Amino acid sequence: MKACYNLSLIMCTNLIFMAHTTPVNKTTMEYTHRNKRSLFQDGIKVLQRKKRGWMWNQFFLLEEYTGSDTQYVGKLYTDQDNGEGNLKFILSGDGAGSVFTIDENTGDIKAAKRLDREEKSVYVLRAKAIDKKTGRQVEPESEFIIKIHDINDNEPKFNQDVYTATVSEMSEVGTSVIQVTAIDADDPLYGNSAKIVYSILQGQPYFSIDPDTGIIKTALPDMSRENREHYQVVIQAKDMGGQMGGLSGTTTVNITLTDVNDNPPRFPQSIYQFVVLESAPIGTETGRIKAIDADVGKNAEIKYTITDGDAKDLFDIVTDQHTQDGIIIVKKPLDFESQKLYTFQVEAANIYEDPRFIHLTSFKDTAIVKVLLQDIDEAPIFSKPFYVFEVNEDTKEGSIIGHVTAQDPDSAKSSVKYSIDRNTDLERTFSVNSGNGSLTLEKTLDREMTPWKNVTLVASETNNPKLSRNVQVYIKIMDINDHAPEFSEHYKTFVCENAKPGQLIQSVSAVDKDEPPRGHTFFFEMIPEFSINPNFTLVDNKDNTASILSKRNGYNRYKISSYTLPIIIFDNDYPVQSSTETLTIQVCACDNKGNVQTCSAEAFLLPAGLSTGALVAILLCIIILLTLVVLSAALKKHRKKEPLIFSKDDVRDNVVTYNDEGGGEEDTQAFDIGALRNPAREENKLRRDIIPDTIFHIQRTVPLWENIDVQDFIQRRINENDADATAPPYDSLATYAYEGNDSVAESLSSLESLVVDENHDYRYLNDWGPRFKKLADMYGGNESD
């Protein structure tokens, strides 16, 4: 570290502080002090300047100092120090006061504790000198560095305690396996403390290691996994370049040889023999064989193939993926009677081959397999897997429609008997001859009901009925022309009253339940006795349809409301079938566009659009009106002869009016319902509107106080008046209505006009239209009429 005080303009002297690896005392410090220097040129003073106060350089200390005294770092000094102790030195920065201390009076710097370069290798500090009396800084603050020198106090350490690596077996010498790395915390730039050398302590002669890079390589050729699979290698890393006195560390590397396909599959025996029943179904396992392969994984996967022999089509072999066994299975049905022993060759080969080792040996092996069939008693076998017979639907009962045959496949050749599974022929339509298998028809057939019949026939051994076999028989019922054609639908045909000649009335088509092989062709004709029809004509369109045309102008639904037109339909199959269909044609009223308005002959008197209920109501009103007019006229003639009543107040029991709707059952201030239930009557008074020949007694009615239903009460009153045989049939009207208040309809009765207008004029009936013409003729004329 340097410090100089500026005394001259040209040069300055240096104050040098040196740090050593051993303690340094003050006597080792040298200081050269010049207050001033003058520069002369030709004996003349040309420059004089004041030099700088101080300038610091770098200190060095050894780490891990273990001496009894503290390490001395150096001393601070300034030219401003006159030796009187008037200056104070202050230290600041990294570790000031804790790691490094300074004597503030003398400027001596010491290390307060042992230093470790691996924790901190460089310390940056700042120093300044202050006048104790004035507190003024006599020199500018300056920075200096204390650097820690390294010693070899750290051993190399691997980044993993245990390494795991793999390498293929049979690898060449020098094949890289893995690289290991050790780290030394010492300073790699100072000496050899961090220079590492790798070596193998365990694992030779199989592996080697590069001393500088730590790459582990194979050291022996053709290392076989099958001989040894796992290796444990111990690696050492030593610093100081591997020299004695250096520190070292170790790690373990577990190396595994991976498999390659360098071993072929081999059968442990050359011949295999198995026994199987001849009845074994397809897919049955016959036996297992296995070729041994010393490799593992996919290198040991084997494919088995039947390469030669007389059973290549009857047997197959597949590989069990879990055990690598070759499973021999039945490929087709076996027959002991045809062949009892099958011999064939099986080949085993690796699926995945390594081209590096193909030249070494053949990676295939073969073995002979013998399969011996075992005979069993088998059921009869039909000559066909199924049978199809065709039969006409008109075939007679008892006819033979086909034959089935079955034989015993065993060498014994037992006799066979036939039967029908009745669950497939519940109607017993067919029967089979148990000896020869002929199928006979027992009932008539109808193709239109069932076009196909399916039955199951059974063939069993005569000596052992339990040994049986079934076969399906399909009977197709062939069509014959046994159905006549008919209309395809029910036609609702009409003709307008204003129809013109040649107008299309209806198009008709036909259907036939039969199915001729060439398709349907229908012909339409009118029956001979109706061939000359004045109203309609028929045209065959030659496309299985016919057109009905009108033949004249105008039709009248009041004269004839409907017509019937018989039509004959023929088919073209053999034998020809025909039928007569009748078309009903109704006459309707239509508008100019041909839209139907009405087809009823009775509806012409009424407005269009009225419902049946409305028409009935109108007719009833007309009848009631006519009845009232007749009664009024009769009463008028009777008053002219002998009127007895001149005031409507004298009317007794002729008109009883209850015209009060009231406010319901809770309305107690309205009309008293009791008056309606028991109206006041004068029982013994005679009628005053006529001259009675005999005195009639008025029949007392049954009290109806218990009845609270007014409608029911009125109905009972009506029934009593209807059933009263003593009531005279005079022009008296007993009204029991419950119509309500304020009826706007006026009465048509002539009772009230008796005293007001004795001679009533009925000529206004002439203005009521044609419907009241008859009444107008009866009452609208003169009195003499």
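The values are calculated or read from the model by the stated rules, or taken from the named source; none is laboratory data. Since the structure is predicted, the reported quantities are computational estimates derived from the model, not experimental observations. Methodologically, a virtual Cβ is constructed for each residue, glycine included, from the backbone with ideal geometry; neighbour enumeration extends over all protein chains shown. Protein only, heavy atoms only, side chains kept; ligands, DNA and RNA dropped before computing areas. Shrake-Rupley method; radii C 1.70, N 1.55, O 1.52, S 1.80 Å.
Derived scalar couplings between HN and Hα for the stretch 81-95 equal 7, 9, x, 8, x, 8, 10, 10, 9, 10, 10, 9, x, 4, x Hz in order, rounded to whole Hz, by the Karplus curve 6.51 cos²θ - 1.76 cosθ + 1.60 (θ = phi - 60°), x for Gly and Pro. In a Debye calculation with equal point scatterers on the alpha-carbon sites of the stretch 435-560 and no solvent, what is log10 I(q)/I(0) at q = 0.11, 0.16, 0.19 Å⁻¹? Each listed q maps to, in turn, -0.63, -0.93, -1.11.
Multiplying the residue separation of T343 and E397 by 0.36 nm and removing their Cα-Cα distance gives an extension gain of 13.9 nm.
The loop-placed trypsin sites (Lys or Arg not before Pro) in the stretch 401-454, going by DSSP, that have at most 15 neighbouring Cβ atoms within 10 Å of their Cβ come out as K413, R428, K443. Among the listed pairs K332/K453; K413/K453; K384/K413, those with a Cα-Cα distance over 28 Å are K332/K453; K413/K453. For the stretch 471-565, the set of chymotrypsin sites (Phe, Trp or Tyr not before Pro) satisfying both a DSSP loop assignment and a count of at most 14 other C-beta atoms within 10 Å is given as Y558.
Which residues does the label zone of N470 cover in the stretch 414-450, counting backbone N under 12 Å from a point 7 Å along Cα→Cβ? Residues passing the 12 Å test: 420-425. For H520, project a label point 7 Å along Cα to C-beta. Then give me every residue of the stretch 440-466 with its amide nitrogen under 16 Å of that point. 448-449, by backbone N distance to the label point.
Surface analysis of the stretch 370-482 yields an accessible area of 54 Å² per residue, using protein heavy atoms and a 1.4 Å probe. If R0 is 45 Å, what FRET efficiency do you get for V173 and D335 from their C-beta distance, rounded to 0.05? E between V173 and D335, to the nearest 0.05, is 0.10. Computed over protein heavy atoms with a 1.4 Å probe, the accessible surface of the stretch 108-197 works out to 56 Å² per residue. Residues whose amide H falls under 5 Å from that of T598, counting only those 5 or more places apart or on a different chain, are A589, with hydrogens built in the peptide plane. Could you list, in their original order, any pairs among K88/K113; K492/K559; K147/K217; K312/K476; K492/K593 whose Cα atoms are separated by more than 31 Å? Flagged as over cut-off: K147/K217; K312/K476. Of the GluC sites (Glu not before Pro) in the stretch 200-306, the ones in a loop by DSSP (not H, G, I, E or B) with at most 15 other beta carbons within 10 Å are E226, E229.
Values of log10 I(q)/I(0) for the stretch 493-603 across q = 0.23 Å⁻¹ run -1.23, by the Debye formula with one identical scatterer at each alpha carbon and no solvent. Taking 0.36 nm per residue of separation and subtracting the Cα-Cα distance, full extension of the segment from V616 to K542 would add 21.6 nm.
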